[in-house]
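Q: Sharing a structure here in structure tokens format.
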Amino acid sequence: MITDIIKNKLIEIVGSNYVFQDSETLTEYGKDHTEDFAFPPSILVKPASTEEISKVMKMAFEYQIPVVPIGARTGLSGGILAIHKGIGLSLERLSSIEKIDEQNLQVITQPGVITEVLQQAVAEKGLFYPVDPSSKGSCFIGGNVSENAGGARAVKYGVTKDYVLNLEVVLPNGSIIWTGANTLKNATGYNLTQLMVGSEGTLGIVTKIVLKLIPLSQQNVLMLVPFFDMNQAAEAVAQIFKTGIIPSALEFMERDAIDWTMKFTDVPNLNLKEGIQAHLLIEVDGNYADVLMLEAEKILQVVEQYEIDEVLFADTTDQKNALWKLRRNVAEAVKQNTVYKEEDTVVPRFELPNLLKGIKEIGAKYGFKSICYGHAGDGNLHVNIVKLDMTEENWKTQVPKGIKEIFELTKSLNGTISGEHGIGYVQKEYLPIVFNETELGLMFQIKKVFDPKNIMNPGKIFPSSYQY
Ligand SMILES: Cc1cc2nc3c(=O)[nH]c(=O)nc-3n(C[C@H](O)[C@H](O)[C@H](O)COP(=O)(O)OP(=O)(O)OC[C@H]3O[C@@H](n4cnc5c(N)ncnc54)[C@H](O)[C@@H]3O)c2cc1C
């Protein structure tokens, strides 16, 4: 499909050093963190500017070639997999923070900036970009916009969509647009900015991002609460909010999540007591230590109503970093230990115990083990279904039935099938569980308006029965 004419045109646009067709590079850019899928593009380009991206898209539009936008490839729903081959377009060279606007508390950035790099750059000016995916050390801010990434601090500070004010986007036909204005309020026409957020590279390529910032909190208190009963840990979550306190993070980790992370990654051993089934990792933040201690005490009063072991308070920065490392490395630990599938269920917070209980029952029914962890304060539970010694046959036939039931359960609890990882390639066939034909039809019409030739990351989000 990529003829010499096309290849030469791409070289003309981005330069020969930035067009790749060797199998090593294509294999590398054909994988993300979604299970062990690999769909390499036919050719990879690394443009350096919006203008170059616009020219690549004009050419792709003319020749009707699929284009897959590629961020840092940390995605967990297979968004960058080039399932229809075509051009892989890496955003990694658009890696500048253009302006930190201290007057308006905004940052203007290119999409290929690593999230943590952006956070550190604004923190140096006393500002805070709070969206905090566990992958922040490697994922790109453009990937976060495209997946509407969340993370641990979403419970207090919100997700990516809550910070995006305006976007520069290259459309599938190569036109360059701005979606809104650099203002905190905007009631002007349809909200194209929010339509782009979370659109998973299927409507256009985000080439510049204007984000809202807030003042940086000066202090925090972090505690780890061990529960003897995992259902009680899930129950405690909603009770904590009834005190009127909104923690800046409230994470759930099942025992195995911690055990596996201690075993397979480089984190200190917590010497967990026999019988502990789950932990809550709870953080409060603010500017006044005495207020934070009062809040922590109120939270203690709640959790002490349950069967818990001694609460661990992280006193030093090193201890806090170690606990966060423990939480952030869970996914990696599972991946190193076994074949797995990760589901990103989300329900209203109060339904969390019902979700957890239901997941375990469904696992027992279909014969699989799951390790659950995640952003409990948001009702967002990551369910890692682990293969271990399950037979290939059962893995292929029983697990999909179980996943379908888990998703039906989230829907029945007024939740949905992805809180922050997106639909991408791996969840698309499950979308009719949460949207009816009218709802999905509307979304498909939107896709067609933006992308009449179906060249923009085709084969993602929509079930395969939705054809052009
Ligand atoms: C260990 C680990 C922990 C994680 N923790 C979290 C977490 O806590 N919260 C969370 O929300 N996610 C988490 N993730 C998932 C992942 O990091 C996020 O989805 C992240 O936003 C993806 O960013 P990326 O740059 O890697 O995007 P990629 O994986 O490269 O791409 C993701 C999608 O966005 C599209 N895309 C990328 N850049 C652009 C662009 N500029 N314009 C248009 N489309 C684009 C791609 O086509 C693809 O569909 C985690 C992943 C891992 C591996």
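The values are calculated or read from the model by the stated rules, or taken from the named source; none is laboratory data. Everything numeric here is computed off the predicted structure, so don't read it as measured data. Positions of Cβ are backbone-derived with ideal geometry, glycine not excepted, and every protein chain shown enters the neighbour counts. Side chains are part of the model used for accessible areas, which takes the heavy atoms of the whole protein and leaves out ligands, DNA and RNA. Shrake-Rupley method; radii C 1.70, N 1.55, O 1.52, S 1.80 Å.
Q: Can you tell me which residue among THR416, THR410 is of a type outside the set (Phe, Trp, Tyr), closer than 30 Å to ILE245 by Cα, open to solvent by 10 Å² or more (accessible area, probe 1.4 Å) and modelled with pLDDT of 95 or more?
A: So the residue among THR416, THR410 that is of a type outside the set (Phe, Trp, Tyr), closer than 30 Å to ILE245 by Cα, open to solvent by 10 Å² or more (accessible area, probe 1.4 Å) and modelled with pLDDT of 95 or more is THR416.
Q: Looking only at region 259-279, count how many residues are over 13 Å from LEU326 (Cβ atoms) and in contact (Cβ under 8 Å) with a residue 24 or more places away in the chain.
A: Of the residues in that region, 5 qualify.
Q: PHE128: over 26 Å from ASP4 (Cα atoms), away from the ligand (no atom under 11 Å from the Cβ) and touching a residue at least 40 places away in the same chain (Cβ under 8 Å), yes or no?
A: yes
Q: I'm checking my understanding of the structure. Among residues of region 419-463 that are surrounded by fewer than 17 Cβ atoms within 10 Å (Cβ to Cβ) and of a type in the set (S, T, N, Q), which one is nearest to the ligand (Cβ to nearest atom)?
A: Top of the filtered list is GLN445.
Q: I would also like to ask the following. So, of the residues in region 146-161 that are over 22 Å from THR202 (Cβ atoms) and either hydroxyl-bearing (Ser, Thr, Tyr) or touching a residue at least 60 places away in the same chain (Cβ under 8 Å) (or both), which turns out to be farthest from the ligand (Cβ to nearest atom)?
A: Here the residue is LYS156.
Q: Working only within region 150-162, note down all residues that are open to solvent by 10 Å² or more (accessible area, probe 1.4 Å) and in a loop (DSSP other than H, G, I, E, B).
A: Answer for region 150-162, where residues must be open to solvent by 10 Å² or more (accessible area, probe 1.4 Å) and in a loop (DSSP other than H, G, I, E, B): ARG153, GLY158, VAL159.
Q: Determine which single condition ILE2 fails, assuming it passes every other condition in (1) within 15 Å of the ligand (Cβ to nearest atom); (2) in a loop (DSSP other than H, G, I, E, B); (3) not charged (D, E, K, R).
A: (1)
Q: Also: Give just the number: which of (1) in contact (Cβ under 8 Å) with a residue 60 or more places away in the chain; (2) hydrophobic (A, V, I, L, M, F, W, C); (3) open to solvent by less than 10 Å² (accessible area, probe 1.4 Å); (4) within 16 Å of the ligand (Cβ to nearest atom) does VAL346 not satisfy?
A: (3)
Q: Right, next: Can you tell me which of (1) within 30 Å of TYR157 (Cα to Cα); (2) of a type in the set (A, V, I, L, M, F, W, C); (3) outside any loop (DSSP other than H, G, I, E, B) is the one VAL426 doesn't meet?
A: The failed condition is (3).
Q: Now, a different point. Restricting attention to region 217-233, report how many residues are in contact with a helix residue (DSSP H, G or I) (Cβ under 6 Å, 6 or more places away or on another chain) and closer than 20 Å to LEU118 by Cβ.
A: 0
Q: Conditions: (1) more than 13 Å from the ligand (Cβ to nearest atom); (2) out of contact with any Cys (no Cβ under 9 Å at 6 or more places or on another chain); (3) at pLDDT 95 or above. GLN218 meets all but one. Number of the miss?
A: Of (1) more than 13 Å from the ligand (Cβ to nearest atom); (2) out of contact with any Cys (no Cβ under 9 Å at 6 or more places or on another chain); (3) at pLDDT 95 or above, only one is false for GLN218: (3).
Q: Follow-up question, since we're still on this one. Would you call THR193 hydroxyl-bearing (Ser, Thr, Tyr) and assigned to a loop (DSSP other than H, G, I, E, B)?
A: No.
Q: With the requirement that a residue be farther than 16 Å from VAL107 by Cβ and not hydrophobic (A, V, I, L, M, F, W, C), what does region 162-182 give you?
A: PRO172, ASN173, GLY174, SER175, THR179 - these are the residues of region 162-182 that are farther than 16 Å from VAL107 by Cβ and not hydrophobic (A, V, I, L, M, F, W, C).
Q: Hey, another quick one. Would you check if ILE177 is open to solvent by 10 Å² or more (accessible area, probe 1.4 Å), assigned to a strand (DSSP E or B) and aliphatic (A, V, I, L, M)?
A: In short, yes.
Q: Continuing with the same structure: Name the residues in region 110-125 that are more than 16 Å from the ligand (Cβ to nearest atom), over 16 Å from LEU94 (Cβ atoms) and in a helix (DSSP H, G or I), would you?
A: Across region 110-125, the qualifying residues are GLN120, VAL122, ALA123.
Q: Could I ask something else about it? Looking at region 74-109 only, could you name the residues that are more than 13 Å from PRO41 (Cα to Cα) and aliphatic (A, V, I, L, M)?
A: The answer is LEU76, LEU91, LEU94, ILE97, ILE100, LEU105, VAL107, ILE108.
Q: Out of (1) buried (at least 23 other Cβ atoms within 10 Å of the Cβ); (2) near the ligand (Cβ under 10 Å from one of its atoms), the odd one out for GLY137 is which?
A: (1)
Q: Of everything in region 65-104 that's in a strand (DSSP E or B) and more than 13 Å from the ligand (Cβ to nearest atom), which residue is surrounded by the most Cβ atoms within 10 Å (Cβ to Cβ)?
A: Only one residue fits best here, namely ILE100.
Q: Restricting attention to region 34-60, which residues are assigned to a loop (DSSP other than H, G, I, E, B) and out of contact with any strand residue (DSSP E or B) (no Cβ under 6 Å at 6 or more places or on another chain)?
A: THR34, GLU35, ASP36, PHE37, ALA38, PHE39, PRO40, SER42, PRO47, ALA48, SER49
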